[in-house]
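The values are calculated or read from the model by the stated rules, or taken from the named source; none is laboratory data. Being a predicted model, the structure only gives us computed values, none of them experimental. We place every Cβ from the backbone using ideal geometry, glycine too, and count neighbours over all the protein chains shown.
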Amino acid sequence: MSGSTRRQGAPSGRRGPRARVGTGPAGGGAGPPSTPERILDEALASFASRGYEASSLDALAAALDIRKQTILYWFPSKEVLLEAVIDRSADELSTALEDALARAGDGWDRVEAVVRSVFRLAARRPELLGLVREMGRLGTPASTRFVVALEPLVQRATAFLEAEMDAGHMRRHEPRLLLLAIYSTLIGMLTEVEVVRAFGEEPTARSLVRRRNEILALLRSALVTDGG
């Protein structure tokens with residue numbers, strides 16, 4: 001897959017949709033999903049569960065009961081479709097985390113708000129986390145595109161951690177390495193949830209709460225000082 005930055009568009013000079021069609025399932029709107037939103041939803045589910053290489057445009061078209069040419073009208077190639085899925089998924093994840101932070105207090109409350117938000121997403125939108133894992137397997141440029149989209153959020157998180165460390169509320173660590181460790185721990189624990197799903201068992205609300213509380217206890221022990 002090349003590093004093209006070309007956005008999806010319509011052929012023959014016709015104007016296509018914007019790169020980010022929606023920020024949630026079926027675009028997040030009140031009405032029925034539009035055709036490009038349905039395509040993005042189906043592509044996200046397929047890329048997350050089957051993998052990018054194993055997901056064909058023919059299979060996506062069949063699942064949606066549309067012609068392959070309809071997909072290519074909105075997304076001129078499979079690569080462009082992946083880029084659009086990544087962009088919309090990054091938007092959805094960023095929005096969920098920003099909303100959680102806006103309602104959180106200071107200090108440790110903000111870390112807890114992020115963890116709780118990620119677990120809510122895992123329960124409601126497991127395909128988003130499946131896509132994150134698939135991008136890790138694909139490597140660049142897919143993973144780079146996702147990281148770049150989330151960079152403003154990462155910068156905010158880095159500044160927050162540095163301020164908390166300077167104030168003595170959190171133990172001193174290199175902020176970006178700490179964020180990477182938190183990310184790896186979260187994805188690792190949520191992968192365990194997906195393994196349970198793969199064996200045909202739906203995780204219960206109680207099991208998700210238990211895992212969430214375990215990771216919160218682990219992070220609090222590793223981060224918060226006695227004075228925090």
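Within the stretch 126-142, being in contact (Cβ under 8 Å) with a residue 12 or more places away in the chain and either among the aliphatic types (A, V, I, L, M) or not in a helix (DSSP H, G or I) (or both) holds for LEU128, LEU129, LEU131, VAL132, MET135, LEU138, THR140, PRO141, ALA142. One residue alone among ASP106, ASP99, ASP91 is modelled with pLDDT of 90 or more and either surrounded by 18 or more Cβ atoms within 10 Å (Cβ to Cβ) or of a type in the set (D, E, K, R) (or both), and that residue is ASP91. Would a scan of the stretch 53-74 turn up a residue that is of a type in the set (Val, Ile, Thr) and assigned by TED's automatic domain parsing to the domain that holds MET165? No; the residues of the stretch 53-74 include none that is of a type in the set (Val, Ile, Thr) and assigned by TED's automatic domain parsing to the domain that holds MET165.
From the list LEU219, LEU208, LEU138, the lone residue that is hydrophobic (A, V, I, L, M, F, W, C), farther than 20 Å from ARG88 by Cβ, at pLDDT 85 or above and not assigned by TED's automatic domain parsing to the domain that holds ARG50 is LEU219. Of the candidates ALA123, ALA149, ALA167, the single residue that is without any contact (Cβ under 8 Å) to a residue 24 or more places away in the chain and not acidic (Asp, Glu) is ALA167. In this structure, GLY51 does satisfy being of a type outside the set (Ser, Thr, Tyr), outside any helix (DSSP H, G or I) and surrounded by fewer than 17 Cβ atoms within 10 Å (Cβ to Cβ).
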